[in-house]
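First up is the structure itself, then whatever we jot down about it.
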Amino acid sequence: MPGMPLRSDSPPKPLTVAELTRRVKSLLESQIGFVRVEGELSNWRVSPSGHAYFVLKDSTATVSCVIFRGALSRTPFQPRDGMQLIVEGDLTVYESRGQYQIVASRMSEAGLGLLFQRFNELKEKLAAEGLFDASRKQPIPLLPRRVGLVTSLQGAAIRDMLNVLRRRFAGIHIVIAPTRVQGQEAAAEIAQAIGRLNRHGLVDVIIAGRGGGSIEDLWPFNEEVVARAIAASRIPIVSAVGHETDFTIADFAADLRAPTPSAAAELVAANRAELTSRVQSLSRRLEQGFFSRLESARLRLRRLIESYAMRGPLDRLAQARQRLDELIERLSSEVAARCRDARARFRAANGRLDALDPRAVLARGYSIVKRARDGRIVKSQGQARPGEHLRIELSEGRLRAAVIKDEDDFLDGV
């Protein structure tokens, strides 16, 4: 009809992602704006710039939050994961991620978070039972020959510990009891792994731990079943959970706490080169000390002979000279004997260090036989089935072999 505008059937112009994000941001800031929210603090992290990033959560939902350096400096307490907080601030959208968040202007404590409360309650209960008493702690062996690792096979922690152990003492034997270290089933698996190592008596010391993470990630090491398994262990246990600032119930129950898994490996494995150098240094100091005392005795006797009192009758002088010769001979004999004893102790200590090296055993004609399918060492005939493939480690090189059924088969193949 004349005068009527023509309808356009074309769709509306599409929005860019940035335009859509700005519209959502504008709606949130205008329709909601300032909020006051209560929840449990988690994943607290302070950046080098001084701004802090964290998550506020309850049983069903989470919201990301940021508090900038100025507002954080006015916070009258040190925020920690697990605290129950009331956060006040503006609801907005972080455009780069398209993620809504609260820009906090003020935070206050609403009481302890549930996890933090559970932590304190269990800590007080076990402490009252005496599980953390210093009298229960077992000493960590100076030169353990076998070390057990209770940790995950997938984490970076196991790689760090293996690298440190092999670098510091190449001959040390390592037994891994793999377990999950995160999730609902992890605590029971950790306790079972500790129990297995104790039942079989395969190791001299155990390291139980994992790398860093949130309080939820580390929580299996705060469970009662893990604490009681550590306290019941006949084998000394070093806890190595998270980073230096992370503390768990397992740390209090363990015989020794290490700040990180790598540090635990360093505490457990002595540095072989350092031990050898220390023994040699002590031997030199002992020898030098004896000769120094001998020289001091000679000087004292010489001063005595040359003193005014000794310038008397010739017979007293002759007797003093004879006594001096006797003392010198006795001192020389004693020093020589003690030096021989010191050298013998050094050789014995060095021999014990060499005896710990599996390569010395292999050099005497022995070999290590392992099953190809899982790398386990074969100690008896029943551990290898006929037809099973084996790896044989020699002093120089390796061999591959297979188990034959009986002796007749072996003779047929000659």
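The values are calculated or read from the model by the stated rules, or taken from the named source; none is laboratory data. Worth saying up front: this structure is predicted, and the values here are computed from it rather than measured. When we count neighbours, we look across all protein chains shown, and the Cβ atoms used for this are built from the backbone with ideal geometry, even at glycine.
Give me the pairs, please: first residue somewhere in region 231-258 and basic (Lys, Arg), second residue anywhere and surrounded by fewer than 24 Cβ atoms within 10 Å (Cβ to Cβ), beta-carbon distance under 7 Å, and either six or more positions apart or on two chains. Listed by first residue and then by second, the contacts come to ARG234/ASN198; ARG257/ASP251. All told, VAL35 meets the bar of being in contact (Cβ under 8 Å) with a residue 24 or more places away in the chain and either of a type in the set (A, V, I, L, M) or farther than 27 Å from TRP219 by Cα (or both).
Okay, residues lined up against (1) touching a residue at least 24 places away in the same chain (Cβ under 8 Å); (2) within 29 Å of ASN43 (Cβ to Cβ); (3) touching a Gly at 6+ places or on another chain (Cβ under 8 Å):
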site: GLY183; (1), (2), (3): yes, yes, no
site: ARG196; (1), (2), (3): no, no, no
site: LEU202; (1), (2), (3): yes, no, yes
site: GLY211; (1), (2), (3): yes, yes, yes
site: ILE215; (1), (2), (3): yes, yes, yes
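I'd like to know if region 163-171 contains one or more residues that are of a type outside the set (A, V, I, L, M) and either touching an Asp or Glu at 6+ places or on another chain (Cβ under 6 Å) or under 19 Å from ARG234 (Cα atoms) (or both). Yes, there is a match, as at least one residue in region 163-171 is of a type outside the set (A, V, I, L, M) and either touching an Asp or Glu at 6+ places or on another chain (Cβ under 6 Å) or under 19 Å from ARG234 (Cα atoms) (or both).
Could you check, for region 313-327, whether at least one of its residues is modelled with pLDDT of 85 or more and assigned to a helix (DSSP H, G or I)? Yes, there is a match, as at least one residue in region 313-327 is modelled with pLDDT of 85 or more and assigned to a helix (DSSP H, G or I).
Would region 299-306 turn up any residue that is modelled with pLDDT of 85 or more and outside the structural domain of SER152 (by TED's automatic domain parsing)?
yes
Filtered by the rule that a residue be under 23 Å from ASN43 (Cα atoms) and surrounded by fewer than 24 Cβ atoms within 10 Å (Cβ to Cβ), region 219-241 gives TRP219, ASN222, GLU223. Inspection of region 51-63 identifies at least one residue that is over 25 Å from THR245 (Cβ atoms) and modelled with pLDDT under 85.
Looking only at residues of region 320-367 that are touching a helix residue (DSSP H, G or I) at 6+ places or on another chain (Cβ under 6 Å) and closer than 20 Å to ALA269 by Cα, we find that the one that is surrounded by the most Cβ atoms within 10 Å (Cβ to Cβ) is ALA349. Of all residues in region 109-164, those being closer than 24 Å to ALA188 by Cβ and in a strand (DSSP E or B) number 5.
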